[in-house]
Amino acid sequence: MNRTDIQLIVSDIDGTILNSEHQVTQELKETLEAVTKASIPFVLTSARSPLAMAHIRDELGLETPLAAYNGAYISEYQTEKELFSLPVDFTEANKVIQLANRRYPEVAINIYAGNRWLVPKRNPWVQLEEEITQMKAEEVELHRFLAEEPAIHKVLFIGDQEPLEQLERSIGNLVLLESAQYRSKENYLEFTHKKVSKALALEQVAAYYQVDLAHTLAIGDHDNDVSMIGAAGVGVAMGNASEAARKKADFITADNDHNGVAVVLKQVLQGKQERSE
């Protein structure tokens, strides 16, 4: 790792900075404080919504943008001003939402539009997601909400393996030119604009800070992190990362239960220190 040249760090959240108990450690907080003092922006990116990321950013003491929905929506610190937005084509989003609502009632439908998280009904899957994200979903009448043709940044389907696989196949049979579906977890099926990726998030954040991609470092653990791991100057996979993420990475750090992110950050800080001596 060329630690001396890192000017921007972008990191995933779940399975990366959060341990298996969905918590951040004191060691990570202290290390990030040193990273901030070294004037290296540390930006969070996730499939989560901005509101589900903000409390983690605040707990870490960061004052940086949030790249939500795998990069479909980036907002500034404090003002929450929109820095970048790439919503799903509404016609295509409406197709998959109506399909899931009609044929797969046991699958939870979660619609994310900017800072809003909307559900047609609150079921155990939604309740579990509320516990994980520490957010409350907004229950809406689906037909009335969709009649407004809102800008939707992501649709998340959560369910058991069999109905989710059936829904995935059904969506695959639709003619969709502007959208893409992918799994972010075994029981999470995500639907976004086809150009959305964490590599795009990295590019947008690097442009915001006016940092060349060659001087960026990206850390992640899952398949949806692969694009930014590959696009960064230095790509790092967690010890608990998927095979695809590990193959794309330049380096593999410790897992999320052994402060893998803090290990990487300390190496970056050591490189900065060596350069200044």
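Side notes on the structure shown:
- Protein accessible area in the chain, 1.4 Å probe - carbon and sulfur %: 45
- Residues of type lysines that Lys37 reaches as a straight line, Cα spacing below 18 Å, ignoring anything fewer than 8 places off in the same chain: Lys29, Lys266, Lys272
- Accessible surface ranking for Lys247, Lys154, 1.4 angstrom probe, highest first: Lys247, Lys154.
- A protection proxy built from the mean count of other Cβ atoms within 10 Å ranks the segments 46-52, 66-72, most packed first, as 66-72, 46-52.
- With DNA, RNA and ligands ignored, accessible area of Arg169 (1.4 Å probe; Å², nearest 10): 140
- Under-5 Å amide H pairs with Ala113, H placed in peptide plane, nonlocal only: Leu118, His153
- Electrostatic dipole magnitude of the chain [Cβ: Lys, Arg +1; Asp, Glu -1; Cα centre; debye, to 20]: 440
- Solvent-accessible area of His222, all protein chains in place: 60 Å² (probe radius 1.4 Å, heavy atoms, ligands and nucleic acids excluded).
- Cross-link partners of Lys121 among lysines (Cα-Cα below 20 Å; sequence separation of 8 or more within a chain): Lys95, Lys136, Lys154
- Only protein heavy atoms count here; under a 1.4 Å probe, Asp212 has an accessible surface of about 90 Å².
- For the chain: rounded, prolate or oblate by the Cα gyration tensor [a/c cutoff 1.5]: prolate
- Prolate/oblate/rounded label for segment 63-132 (Cα gyration tensor, a/c 1.5): oblate
- Think of it as helices only: each DSSP H run of n ≥ 4 in the chain is worth -39500 (n - 2.57), and spread over all residues that comes to -11500 deg cm²/dmol at 222 nm.
- Within segment 50-140, GluC sites (Glu not before Pro) in DSSP loop having at most 16 other beta-carbon neighbours inside 10 Å: Glu63, Glu76, Glu80, Glu106
- Charge dipole of the chain about the Cα centre (unit charges at C-beta), most positive-ward option of Asn224, Val196, Thr25: Val196
- Probe 1.4 Å, accessible area per residue of segment 65-145, Å²: 47
The values are calculated or read from the model by the stated rules, or taken from the named source; none is laboratory data. Treat the numbers as computed from the prediction; the structure is a model and nothing was measured. Neighbour counts are summed over all protein chains in view; Cβ atoms, including those assigned to glycine, are modelled from backbone coordinates with ideal geometry. For the accessible areas, the whole protein counts, side chains as well, though only heavy atoms, and no ligand, DNA or RNA atoms are used. Shrake-Rupley method; radii C 1.70, N 1.55, O 1.52, S 1.80 Å.
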